[in-house]
Amino acid sequence: MFLRRFIYLLLLGVLMFVLVSACSRNLNYSATSLKQPTQNCRKVQHLMGKTCIPLRPQRVITIWSSFLADTLALGIKPIATGYDSSEPFPEYLRDKVDGVDLIGSVNEPNLEKILLLKPDLILADPYILNVYYKQISTIAPTVIIGHPDLLTRRWEQDLVDLGKVLNKEEAVNQLIKEYWQRIEKLKQALGSRRHQMQISVASTKVLSGIWSYGEKSPVGRILNDIGLERPSSQRGNFFYIENISEERLSDIDGDVLFFLSWGSKSAKESLEKLQQKPLWRQLKAVQRNQVYFVDGLRWHEGDIFAINTIIDDLFRYLIDRPRF
């Protein structure tokens, strides 16, 4: 009787080991996830409630490109980030991301790799709320930063919220103070010209066609802060408008046109085809030679590094060599 019971317990133990191993290989997070700390942590409020995070996080993972940049700007280097590997890192980040691992795109982060990296804090965008939040938050304390409504979202508020989570409020205040100092300097340098010219911002890609940026995009908000005029088609409560027909190409016209260019071969081909169109050559900005091709990876983003490089370009093209 004793021997039979012993064999039964032994077989049960072997079966449990096999099941746990299988669950681990298949990332059953209820069995393999890292427990969130209950001591030496502080609670932060965010979109999903309150989360207790380490007092001094050492292994931070960011699942949003602007969070990677802003975290670096605040003096913390993430161990890994979500990033679309089809695009290179923006030039302004390439010398800052050595040693930062990639855990897949922000749309499809690799949960197994995140688990193996053993983060102590994960910073994510509202995009993952209904898709990955439950799984990711069982791996490590996960804080959602940003407003789920893109039109309500502001780059500086994301930076402020990030500073609160990372206990870097003073650094954030300094970065925002420097931003407004640069805005004021640019306004003074432009003088009355900023009320006399319309600034258009547009781009093109194969999948999105021709598109223009509205007032709710990061660059749109910068132009609003400066007080620069926009074409009527780019005023309003939107981030950008896609698939503008060639017949309506005049919608992207202005006294000055900043055209975002991208590094991929297909994007370059799309731009070359657009420039061969007669309607392109009829644009006022084209005829006045006031089309400036700028880096799409910088002008599309909303992190503090990107924001400052946009201001650099505005100084370069509107102040250092103005033609208007």
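Pop out the ³J(HN,Hα) list for the stretch 115-132 in order, Karplus 6.51 cos²θ - 1.76 cosθ + 1.60 with θ = phi - 60°, rounded to Hz; leave Gly and Pro as x.
4, 5, 6, 6, x, 10, 7, 10, 10, 9, 8, x, 3, 8, 3, 8, 10, 10
List the chymotrypsin sites (Phe, Trp or Tyr not before Pro) within the stretch 101-204 that fall in a DSSP loop (any state other than H, G, I, E or B) and whose Cβ has at most 11 other Cβ atoms within 10 Å.
Taking the stretch 101-204 and a limit of 11 other Cβ atoms within 10 Å, no loop chymotrypsin sites (Phe, Trp or Tyr not before Pro) are found.
Mean shadow of the stretch 146-216, computed from the convex hull of its alpha carbons, in nm²?
For the Cα atoms of the stretch 146-216, the hull's average projected area reads 7.0 nm².
When you count, for each residue, the other Cβ atoms within 10 Å and take the mean per peptide, how do 202-212, 311-321 rank with the highest first?
Averaged packing, sorted descending, gives the order 202-212, 311-321.
Could you give the distance between the Cα centres of the stretch 42-67 and the stretch 76-152, to the whole Å?
11 Å
Taking a threshold of 29 Å on the Cα-Cα distance, which of the pairs LYS177/LYS268; LYS118/LYS168; LYS50/LYS168; LYS113/LYS268; LYS177/LYS205 fall above it?
Result: LYS177/LYS268; LYS113/LYS268; LYS177/LYS205 exceed 29 Å.
Would you list which aspartates and glutamates come within 12 Å of LYS284, measuring only between C-alpha atoms, while excluding same-chain residues fewer than 8 positions from it?
Correct list for LYS284: ASP251, ASP253, ASP255.
Could you rank TRP64, TRP299 by how accessible they are, 1.4 Å probe, largest area first?
Values: TRP64 70, TRP299 0 Å².
Reading off the accessible areas and sorting them downward yields TRP64, TRP299.
In the chain, which helices (entire DSSP H runs) extend 27 Å or more along their own long axis, judged by Cα positions, while averaging at least 1.0 on the Kyte-Doolittle scale?
2-25
So what is the calculated 222 nm ellipticity per residue for the chain, using -39500 (n - 2.57) for each DSSP H run with n of 4 or more, over all residues, to the nearest 500 deg cm²/dmol?
Details: 13 runs with 127 residues, N = 324.
Only helices count here, giving -11500 deg cm²/dmol.
Just by accessible area at a 1.4 angstrom probe, what is the order of HIS300, HIS46 from largest to smallest?
On the way: HIS300 55, HIS46 20 Å².
These residues rank, largest area first, as HIS300, HIS46.
Report the relative contact order of the stretch 133-237, percent, no decimals, based on alpha-carbon pairs under 8 angstrom and at least 6 residues apart. Intermediate results must be reported in sequence, preceding the final value.
Numbers: 83 pairs, mean separation 23.5, N = 105.
Across the stretch 133-237, relative contact order equals 22 percent.
Let me test this: with uniform point scatterers at the alpha carbons of the chain, what is the Debye-based log₁₀ I(q)/I(0) at q = 0.07 1/Å?
-0.37
Give me the dipole magnitude in Debye, nearest 20, for the chain about the Cα centre, with unit charges on the beta carbon: positive for Lys and Arg, negative for Asp and Glu.
640 debye
Over all directions, average the projected area of the Cα convex hull of the stretch 133-270 and note it in nm².
So the mean shadow area of the Cα hull is 11.2 nm².
The values are calculated or read from the model by the stated rules, or taken from the named source; none is laboratory data. This structure is a prediction, so every number in the text was calculated from the model and none was measured. Counting neighbours? That spans all protein chains shown, and the Cβs are built from the backbone with ideal geometry, glycine included. All accessible areas refer to the heavy atoms of the entire protein, side chains included, with ligands and DNA or RNA removed. Shrake-Rupley method; radii C 1.70, N 1.55, O 1.52, S 1.80 Å.
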